[in-house]
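Novice: Quick one: the structure is below, questions incoming.
Nothing in this text is a laboratory measurement; each read-out follows from the coordinates by a stated rule. The model shown is predicted, which means the values in this text are computed figures rather than measured ones. Neighbour counts are summed over all protein chains in view; Cβ atoms, including those assigned to glycine, are modelled from backbone coordinates with ideal geometry.
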Amino acid sequence: MGKAKVAFICVHNSCRSQIAEALGKLLAGDVLDCYSAGTETKPRINQDAVRLMKELYGIDMERTQYSKTIDMIPAPDIAISMGCDVGCPYIGRPFDADWGLPDPTGCDDATFIAVIRRIEQHILQIRDSLQ
């Protein structure tokens, strides 16, 4: 069996979903093809997310990722919402999971890191379930 395609979805595809894509590639790239997308895009990835992912994991998300809409990625085998706050984007199919993550945009580093660590744990759970 080939790798499962997993899509991490949030509205703007600039913070949580981008972090999940980066961590998915790093921690589970052997079993997952990871993508992120939104129903809208931002001109650039959240700069606090970029800085902290460089500090914590040595990943430069701006070099390898960009904000994109759902129609720009392959149809996923697994679709995960980062957390719907106001309302989940419609992606043409039900989500397999909603991680219920708060959006750390505008928050301090400790809040960002807590969200990053929760994403890491979720990624490891998916990886372990597929091995």
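Novice: Cβ under 13 Å from Ile45's Cβ, Ile45 left aside: what net charge do those residues give with Lys, Arg +1 and Asp, Glu -1?
Specialist: +3
Novice: Relative contact order (percent) for the stretch 22-131, with alpha-carbon contacts under 8 angstrom and 6 or more residues of separation?
Specialist: So the answer I get is 30 percent.
Novice: So if each residue of separation counts as 0.36 nm, and I subtract the Cα-Cα distance between Asp30 and Ile113, what length gain in nm does that give?
Specialist: Residue separation times 0.36 nm, minus the Cα-Cα distance, leaves 27.4 nm.
Novice: Taking N as the number of residues in the stretch 1-70, what is its alpha-carbon radius of gyration divided by 2.2 N^0.38 Å?
Specialist: Against the empirical 2.2 N^0.38 Å value, I get 1.05 for the stretch 1-70.
Novice: How far apart, in nanometres, would the label points at Ile78 and Glu62 be if each is projected 7 angstrom from Cα along the Cα-to-Cβ direction?
Specialist: For the pair Ile78/Glu62, the computed spacing is 3.0 nm.
Novice: Let me ask something additional. Using a basic spin-label model with each label point 7 Å from the Cα along Cα→Cβ, how many nm lie between Thr69 and Tyr90?
Specialist: Reported label-point gap for Thr69 and Tyr90 is 1.5 nm.
Novice: Using Cα centres only, tell me the gap between the stretch 43-70 and the stretch 9-34 in whole Å.
Specialist: The distance from the Cα centre of the stretch 43-70 to that of the stretch 9-34 comes to 10 Å.
Novice: Then there is this: What is the sum of charges, Lys and Arg at +1 and Asp and Glu at -1, for the other residues whose Cβ falls under 12 Å from the Cβ of Phe112? Walk me through the intermediate numbers first.
Specialist: On the way: positive: Arg16, Arg51, Arg117, Arg118; negative: Asp48, Glu55, Asp103, Asp108, Asp109.
Taking every Cβ under 12 Å from that of Phe112, the sum is -1.
Novice: Computed over the Cα atoms, what is the radius of gyration of the chain divided by 2.2 N^0.38 Å, N being its residue count?
Specialist: For the chain, the normalised Cα radius of gyration is 0.95.
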